[in-house]
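Written below as structure tokens is the structure these notes are about.
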Amino acid sequence: MFCYNLYGKHVMTNVKLPLLCNIVDSNKVDLTVHVDFDIITNDTISIKEDGEQYVIELGSLANYYIDPKNDIITCKAPNFESFFSTFFNIPFSVYCLCKNEILYHACSLIYDNRVFCLTGNKGVGKSTVMQILSSKNEFTIFSDDTIHIDSNLLSNRAHNLVKHTPETVEALKLKTLNVKNAAGKYYSSFDISHSFLKINKIFHLVRTDNNEFDLRAINSNLIKNSVFRANI
């Protein structure tokens, strides 16, 4: 068994997560994850409630069974890449919601010891903008894709990895780990400077008619899209 610090939780897994470096003492376990590798024969995509558990079907990529009462997540996936590419988003989103916590679909940066989040639809360029800003001395990366937020607005990341399309890697001349996820994106890593920080502001990123980036103020509808539709 292996233990990792994911979203501020001590998570025990039966498979090694080789891209992650935050291995912690396993004396305290908040969540247990068991993964079985097997072929999935259907393409169903759904989230269903089954008594006190939740069943998440992600097509041929993975099936998850969430047992929030006993703090157990079980996964069936055809290979490690399919599991690792899907594990940190929808399954954790459902688990956190069951615990009255939230997993926010956003990239985030640290500026002056404060966290600033960038939300936006999938593919809008959140990771690209974050990478560009982090090349400036004033900004450092805090998390990519998702961020855990508690009731005190304290945030935690899942890991120190960032996913980039091949086009972004080529355009920005990025160094990667030479490993791709199930969607064909490359992983790169960043140095971890803080384990958790308070959220300061959240911005919504969109593309303009001129294909430029624009940051807009958050309203309640955008929050719903960012939290639920984009992530779940």
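The values are calculated or read from the model by the stated rules, or taken from the named source; none is laboratory data. Because the structure is a prediction, the values reported are computed rather than measured. Backbone-built Cβ (ideal geometry, glycine too); neighbour counts: all protein chains shown. In case anyone asks, the SASA skips ligands and DNA or RNA and just uses the protein heavy atoms, side chains included. Shrake-Rupley method; radii C 1.70, N 1.55, O 1.52, S 1.80 Å.
Among (i) 138; (ii) 149; (iii) 202, find the value of volume of the Cα convex hull per residue in Å³ that was calculated from the structure presented, and write down its label.
(i)
Order of 181-189, 53-61 by packing, highest average Cβ count within 10 Å first? Write out the running numbers ahead of the final one.
On the way: 181-189: 16.6, 53-61: 18.1.
Ranking, from highest mean packing down: 53-61, 181-189.
May I ask you to order 204-212, 92-100 by the average number of other C-beta atoms within 10 Å around their residues, highest value first? Don't jump to the answer; show the numbers that get you there.
Working: 204-212: 11.9, 92-100: 18.6.
Result, highest mean Cβ count within 10 Å first: 92-100, 204-212.
Expressed as a rounded percentage, what relative contact order does the chain have, with Cα pairs under 8 Å and six or more residues apart?
16 percent
Can you tell me the order of 40-48, 136-144, 168-176 when each peptide is scored by its average per-residue count of other Cβ atoms within 10 angstrom, highest first?
136-144, 168-176, 40-48
Using the structure shown, list the pairs from K9/K185; K16/K185; K76/K198 with a Cα-Cα distance above 31 Å, or answer none.
Cα-Cα > 31 Å for K76/K198; rest within.
In whole percent, and with a 1.4 Å probe on the protein chains, what portion of the accessible area of the chain is carbon and sulfur?
48 percent
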